[in-house]
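The values are calculated or read from the model by the stated rules, or taken from the named source; none is laboratory data. Remember, it's a predicted structure, so these values are computed and weren't measured experimentally. Cβ placement follows ideal geometry from the backbone for every residue including glycine, while neighbour counts extend to all protein chains displayed. Quick note on the areas: whole protein, heavy atoms, side chains included, nothing else; ligands and nucleic acids left out. Shrake-Rupley method; radii C 1.70, N 1.55, O 1.52, S 1.80 Å.
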Amino acid sequence: MTTLHVVNGRVLHPDHSITESDLLIDQASGTIEEIGAVDAEDADERSSSANRTQSDDADETLDAEGGLVIPGLINAHGHAAMTLLRGYADDKPLEAWLQEDIWPAEGELTAEDIRVGTELAAVEMIRSGTTGFADMYFEEPHVAGVVDESGLRALLGHGFVSVGKPEADARADMETSVNFAAQYDKVGGDRISTAVMPHSLTTVNEALLREAVERAREADVPVHIHANETEDEVDPIVAERGVRPMEYAEDVGLLADGDFLAHCVHVDDDEIERLADSDAAAIHCPASNAKLASGIAPVQAMLDAGVSVGLGTDGAASNNDLDMFDEIRDAAMLGKLGADDAAAVPASAAVRMATEGSAAALGFDAGRIEVGAKADLAVVDLDAAHLTPGHDLVSHLAYAASGSDVRHTVCDGDVLMEDREILTLDEAAVTERAEEQAADLIDRVA
Ligand SMILES: N[C@@H](CCSC[C@H]1O[C@@H](n2cnc3c(=O)[nH]cnc32)[C@H](O)[C@@H]1O)C(=O)O
Ligand SMILES: [Zn+2]
């Protein structure tokens, strides 16, 4: 067995206790094998030479001295290649932003744009301790290629809409979504999984939505969709059907085990109950909801009701970065404002949303540092001024740390970033290429 030792650090356990522990990782299975002093001799040796970075019996060793080993953060909703549209159109509400700026620009996107934009996203995620993500976009086979080379874990799907398109085009788009999901699920291992991804409850017509859900069940993959993001999305459903969107969602066959719904901002008590009674998850995207002034999701109420809640950044054009530490902080801050209660969404709950919550939503056996779980983790440097003193490290993760405090990133037992150097992608080349590709895209749109 080839092994990776993560030594000399402190470890954040699932109950959020913290101990000084080493990890032994089996790289073949990509799982955590042991937590604790790996053997007594090692521990003795370590105390006599704290700076040692080579372990005699491990194939590879990662020094976490002064750091906290946390579960890799999981970005459970986004559109990775939208990094190319970062800062392209800001300060507008959802509908105008999509229709006036984003969709016209996306109409010009090529497979190469998607590949380059997704590589840029991968660099940003690895740098900021994100090891897994969900992606709803186009040209997903190219996204899968980037996931493969970057070493990240991802759940991918082709997003499709029917509004504003001839029926035949919309149907073909739905077929692309189903076929991609069926063909790429668990392709080349278990780092890539898939879902069928109708864009939203209002941008896909009922017949296609029903069919997409049915086809997803046949292919044994979940469904991912935007839901209840703005009032403007809720009102037409209520006006047309006389029911709120979650009842409509149930009616078309959604809210099954494995399904996950982005946003869920404007959900009433009955809808929260429906979500809680279902095996589907809500993905909270606080920064995107704030920037587009969509509203504040009732996250504490959802958690209290027992809804499974994950956390996501949404695309980089409505955030405008992919740093999940920011998202954790925004979830806590907006959760308090929205509930008018400083005790709402405490640090620990926000960290859980980005780790075990997102993992459960995406069906990843990760989001926790535990024997048998996937070895998806990040090592956060704790010796910075803004993280001193260390009264409460979970508080620091939520309120004081940022992605740039991440020193190492590991996914599936492989080191993706060591001492802030990304090993799987050429960061300088990726950013340079992205700058060129984005300029070219904007030229084509103009
Ligand atoms: N526009 C595509 C649909 C699906 S891909 C996913 C889409 O979600 C869009 N998107 C990004 N952020 C949001 C959001 O917050 N709400 C709704 N859609 C978004 C994104 O720009 C992309 O167009 C089509 O023509 O078939
Ligand atoms: Zn989105």
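In the chain, the DSSP beta bridges split such that about 45 percent are antiparallel, to the nearest 5.
Calculated FRET efficiency, Met1 to Arg210, Cβ-Cβ distance, R0 = 51 Å: about 0.60 to the nearest 0.05. Helix 206-219 and the longest principal axis of the C-alpha atoms of the chain enclose an angle of approximately 40°.
Rolling a 1.4 Å probe over the protein heavy atoms gives the range 176-316 an accessible area of 35 Å² per residue. Placing +1 on the Cβ of every Lys and Arg and -1 on the Cβ of every Asp and Glu, with nothing else charged, gives the range 329-428 a dipole about its Cα centre of roughly 400 debye.
Computed from Cα positions, the angle between helix 111-127 and the longest principal axis of the chain comes to roughly 40 degrees. Peptide packing for 89-99, 199-209 was compared via the average number of neighbouring C-beta atoms within 10 Å per residue; ordered from the highest value, the list is 199-209, 89-99. Comparing Val6, Cys285, Ser177 along the charge dipole axis of the chain, the residue lying farthest to the positive side is Cys285, per the Cβ-charge model. Here the gap between Val445 and Glu112, fully extended at 0.36 nm per residue and compared with their Cα-Cα distance, gives a gain of 118.3 nm.
Distance between the pseudo-spin-label points of Ala172 and Ala385 (7 Å out from Cα toward the beta carbon): 5.9 nm. Think of the range 323-413 as having a plus end and a minus end, set by charges on the Cβ of Lys, Arg, Asp and Glu; of Ala378, Ala344, Met333, Ala344 sits farthest toward the positive end of this dipole. For the range 304-399, just say rounded, prolate or oblate: build the C-alpha gyration tensor, square-root its eigenvalues into a ≥ b ≥ c, call rounded for a/c under 1.5, and beyond that prolate if a/b exceeds b/c, oblate if not. Rounded shape, in that the Cα axes give a/c under 1.5. Rounded to the nearest 20, the size of the Cβ-charge dipole of the range 120-279 about its Cα centre is 680 debye, with Lys and Arg at +1 and Asp and Glu at -1. At full extension, Glu418 and His13 could sit 143.6 nm farther apart than now, given 0.36 nm per residue minus the alpha carbon distance. Charge dipole of the chain (Cα centre as origin; +1 on each Lys and Arg Cβ, -1 on each Asp and Glu Cβ, all else neutral): 480 debye, rounded to the nearest 20. Based on C-alpha pairs under 8 angstrom that are at least 6 apart in sequence, the range 290-446 has a relative contact order of 18 percent. Placing a label point 7 Å from the Cα of Glu231 along the Cα-to-Cβ line, the residues of the range 278-322 whose backbone N sits under 18 Å from it are 289-298. Against the chain, whose longest principal axis is taken from its Cα atoms, helix 427-445 shows a tilt of about 10°. Counting 0.36 nm for each residue step from Asp91 to Ser29 and taking away their Cα separation leaves a gain of 17.8 nm.
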